[in-house]
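Participant: Have a look at the structure that comes next, please.
The values are calculated or read from the model by the stated rules, or taken from the named source; none is laboratory data. Quantities reported herein were computed from a predicted structural model and do not represent experimental measurements. Cβ atoms come from the backbone with ideal geometry, glycine included; neighbour counts cover every protein chain shown.
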Amino acid sequence: MKGNAARMGMTVSGREKARRGTRTWNAPRLPSAARGIVLAVLVLASAAFVFVPGADAQVLQPAIEPAPTAAAPRPGPLVAFSARVAGDDQRTRLVMEFEAKPDFQVRYLDGPDRIVIELPETAFGFPPAELDPRGLFKLIRFGSAGEGRSRLVLGLARPAQLDLAQSQPAEGGAGFRMVLDAVAVAPDTFAGLVAKTDWVRGAARGGRLAPATDKQFTVVIDAGHGGIDGGAEGIDGVQEKDVTLAFAAALDEKLKAIGGIRVLMTRSDDSFLSLSGRVQFARDSRADLLISLHADSIAMRSLRGATVYTLSDKASDSVAASLVEQEDRHDALVGADLDGKTDLVAGILIDLARSETRVFSNGLAGKVVSSFEGQVKLINNPHRQAGFRVLQAPDVPSVLIELGYLSNRDDEKLLTDPEWRDHTAGLLAQSVKDFRETILEAVR
């Protein structure tokens, strides 16, 4: 017992080191009286959560909410000071011990199969070896998932679900334990859990992808190309950079007229910004949406109409692949950095962030296509996927809109027509408004 107490305890200075990112262990406990006072305040400030059992209960739901108290919120991150994992390929238990009660949420993800535990901001103050994978868990990762939140990622050796997932007081009342019991399930059962995972609600509770109701919804408009990079050129000499800038200005006006939307532009004049610079601008602006505007040319001159692109590792068709190659070539010709920007978020969590973001991106794409139908000429299968670099912000939902093709004479005329531009910008602004209302409704 004495060894276990020392292993699970931390001094005041140990907790401070953990909050700064320094992992500390094997330190003595706080005196029980002082620790009891701290824990009493923290327990009063925390909400009770219960696990809803069953195959479709991947989300932890709040129990009876406590009455508001005058206690100040707990400063700084949670501290997880101990962890352990045990089991076999049929059932595996993971226990993580915290100073205060952790409110958390469970989500399921495939490709590869994973169980994702969403946590408030947490300082992990134990050695990584305490969570060496075993049993059903072939990979265990944990760390920051953005401002105010952390994640525990359980890579699965075979399909599994959490049969138990709850916070409970630790023995002796010294802190709380998060207990996760995974059991092996059939592939179809796991696929059902993935399908029922609610990414919108999950982002709203812990992250920044879903906008908070107390801040303005921020949209970044990216007018493609600019400066030395003219982009595509039309049959009559129209340059893509001029088409996108004019449309961006029209969209900016329409969005601002809606109200409650903060609109920023990556460029408002004839200046150059690299593709990675545009992505970083959106992230630094804490954008809720990035809309990148383009009007390319293509060898198939008969092709015309608008297209909405969202991110995918693999292009959905040969046209999409060709356009991605063309955009990267434009960036390279003016000396832009083509190296991957994996430092944008912690590398171990970038795939999860992008999975979450793609749900939002696809939602906006659907709104745009619906608003354009019958009003704006669309190509066949107008929602397509490709690996455009400007769409690769892992935590900013993004769409790239090809307004039309400058290689088609009819499209070129429309793209320079002020009346068409004003009408189409209005439709696009309305789709953004509809999307915003959908997300805010989910948050409520």
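Participant: Give segment 412-436 a look and list any residue that's under 21 Å from residue 241 (Cα atoms) and under 31 Å from the mean Cα position of the chain (by Cα), or say none.
Facilitator: 424, 425, 426, 428, 429
Participant: What do you reckon, is residue 89 under 21 Å from residue 193 (Cβ atoms), in contact (Cβ under 8 Å) with a residue 40 or more places away in the chain and touching a strand residue (DSSP E or B) at 6+ places or on another chain (Cβ under 6 Å)?
Facilitator: Answer is no for this residue.
Participant: Also, I was wondering about something else. Look at residue 354 and say whether it is of a type in the set (Lys, Arg), modelled with pLDDT under 85 and closer than 14 Å to residue 312 by Cβ.
Facilitator: It is true that residue 354 is of a type in the set (Lys, Arg), modelled with pLDDT under 85 and closer than 14 Å to residue 312 by Cβ.
Participant: Of these, 376, 399, 432, which one is in a helix (DSSP H, G or I) and touching a residue at least 60 places away in the same chain (Cβ under 8 Å)?
Facilitator: It is 432.
Here is a yes/no grid of residues against (1) of a type in the set (D, E, K, R); (2) in the same structural domain as residue 262 (by TED's automatic domain parsing); (3) under 18 Å from residue 372 (Cα atoms); (4) modelled with pLDDT of 95 or more:
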site: 393; (1), (2), (3), (4): no, yes, no, no
site: 397; (1), (2), (3), (4): no, yes, no, no
site: 403; (1), (2), (3), (4): no, yes, yes, yes
site: 407; (1), (2), (3), (4): no, yes, no, no
site: 420; (1), (2), (3), (4): no, yes, yes, yes
site: 423; (1), (2), (3), (4): no, yes, yes, yes
site: 426; (1), (2), (3), (4): no, yes, yes, yes
site: 433; (1), (2), (3), (4): yes, yes, yes, no
site: 436; (1), (2), (3), (4): yes, yes, yes, no
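Participant: Right, something else. Please return the ranges of strands (runs of 3 or more DSSP E) entirely within segment 83-129 where 2 or more residues are more than 18 Å from the chain's Cα centre (by Cα), surrounded by 22 or more Cβ atoms within 10 Å (Cβ to Cβ) and not assigned by TED's automatic domain parsing to the domain that holds residue 172.
Facilitator: Once the strands (runs of 3 or more DSSP E) in segment 83-129 are filtered for at least 2 residues that are more than 18 Å from the chain's Cα centre (by Cα), surrounded by 22 or more Cβ atoms within 10 Å (Cβ to Cβ) and not assigned by TED's automatic domain parsing to the domain that holds residue 172, nothing remains.
Participant: Could you please let me know if residue 180 is surrounded by 19 or more Cβ atoms within 10 Å (Cβ to Cβ), among the aliphatic types (A, V, I, L, M) and at pLDDT 85 or above?
Facilitator: Considered against the rule, which asks whether it is surrounded by 19 or more Cβ atoms within 10 Å (Cβ to Cβ), among the aliphatic types (A, V, I, L, M) and at pLDDT 85 or above, residue 180 comes out as yes.
Participant: Another one. Please determine, by comparing only the residues of segment 275-301 that are within 17 Å of residue 264 (Cβ to Cβ) and of a type in the set (D, E, K, R), which one is surrounded by the most Cβ atoms within 10 Å (Cβ to Cβ).
Facilitator: 288
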